[in-house]
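Report on one structure; see the data block that follows.
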């Protein structure tokens, strides 16, 4: 699933490819992918231009030259963008295509059809209605502390709650807690000031590292926990059952916390 770093990369891609080009037509292969009526989408966007973008968590907003007409994109499980000339083959899974007057198109790729596109007239109103908290890269230490400490649940599911902080997915929270030396089953309301400061710094470290490396996980620093996950190429131990903490060499434990697969170091992230 595209997490905050992947959506930020898509935001940057759209900004560098698709702004200030009048929209001639919008092709929609499956109207179930729209959160706005197709006729309204067409009438609202034809002749207009994308003028800028913003992102909150996993939600991408594309502003137009009409302030109250904003495109909202959610990338679901596998969504992506492709900017291409109309003379070449349409990319596979480009089920929604914005056709520009200059002969180029922006395809919204929906391989599994969990992706969504629609219109909103006010970003803040939309976020409030959807109960989406402040973005992981923008949230202040004071706000994070207030949001986290009001919960008595384990800290991992609290951080996964998009109303607490927006954009943190499962592997990101594992990495953040590892970098902050916090056990995933510590109660959120028991975090000390020192732990909250480490947590805040770790969120920015992990997200900025992922964006800088274009979410290519194998390029992350060797000190990151992400290298223990199954889809990475880091070495297993001699029986192939565990991987080791990159800091202390302890075998990483795998458990289920809040219904999600969780990796942590039992020595450095003790309860």
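Can you pull out the residues in the stretch 202-217 that are without any contact (Cβ under 8 Å) to a residue 60 or more places away in the chain and touching a helix residue (DSSP H, G or I) at 6+ places or on another chain (Cβ under 8 Å)? Residues satisfying the conditions are 202, 205, 206, 213, 217.
A single entry from 210, 188 fulfils the requirement of being in contact with a strand residue (DSSP E or B) (Cβ under 9 Å, 6 or more places away or on another chain), at pLDDT 95 or above and surrounded by 13 or more Cβ atoms within 10 Å (Cβ to Cβ): 188.
Of the residues making up the stretch 79-92, those that are touching a strand residue (DSSP E or B) at 6+ places or on another chain (Cβ under 9 Å) and either surrounded by fewer than 18 Cβ atoms within 10 Å (Cβ to Cβ) or not in a strand (DSSP E or B) (or both) are 79, 82, 83, 84, 85, 86, 90, 91, 92. Within the set 47, 76, 133, the sole residue that is assigned to a loop (DSSP other than H, G, I, E, B), touching a residue at least 24 places away in the same chain (Cβ under 8 Å) and buried (at least 19 other Cβ atoms within 10 Å of the Cβ) turns out to be 133. Of the candidates 203, 182, the single residue that is crowded, with 18+ Cβ neighbours inside 10 Å and in a helix (DSSP H, G or I) is 203.
Cβ separations smaller than 9 Å between residues 6+ apart or across chains give the following pairs from the stretch 18-29 residues that are on the phi > 0 side of the Ramachandran plot to residues that are surrounded by fewer than 16 Cβ atoms within 10 Å (Cβ to Cβ) and part of a loop (DSSP other than H, G, I, E, B): 20/65. Among the residues of the stretch 142-150, is there at least one that is in contact (Cβ under 8 Å) with a residue 60 or more places away in the chain and either assigned to a loop (DSSP other than H, G, I, E, B) or buried (at least 20 other Cβ atoms within 10 Å of the Cβ) (or both)? No: zero hits. Taken together, the residues in the stretch 30-40 that are within 15 Å of residue 115 (Cβ to Cβ), in contact with a strand residue (DSSP E or B) (Cβ under 8 Å, 6 or more places away or on another chain) and outside any loop (DSSP other than H, G, I, E, B) amount to 2. Would it be correct to say that residue 93 is within 30 Å of residue 133 (Cβ to Cβ) and in the same structural domain as residue 126 (by TED's automatic domain parsing)? The answer is no for residue 93.
Can you tell me how many residues in the stretch 213-242 are surrounded by fewer than 12 Cβ atoms within 10 Å (Cβ to Cβ), within 22 Å of the chain's Cα centre (by Cα), closer than 20 Å to residue 264 by Cβ and modelled with pLDDT under 90? Residues meeting the conditions: 2.
The values are calculated or read from the model by the stated rules, or taken from the named source; none is laboratory data. Since the model is a prediction, treat every value here as computed from it, not as a measurement. Ideal geometry is used to build each Cβ from the backbone, glycine not excepted, and the neighbour counts take in all protein chains shown.
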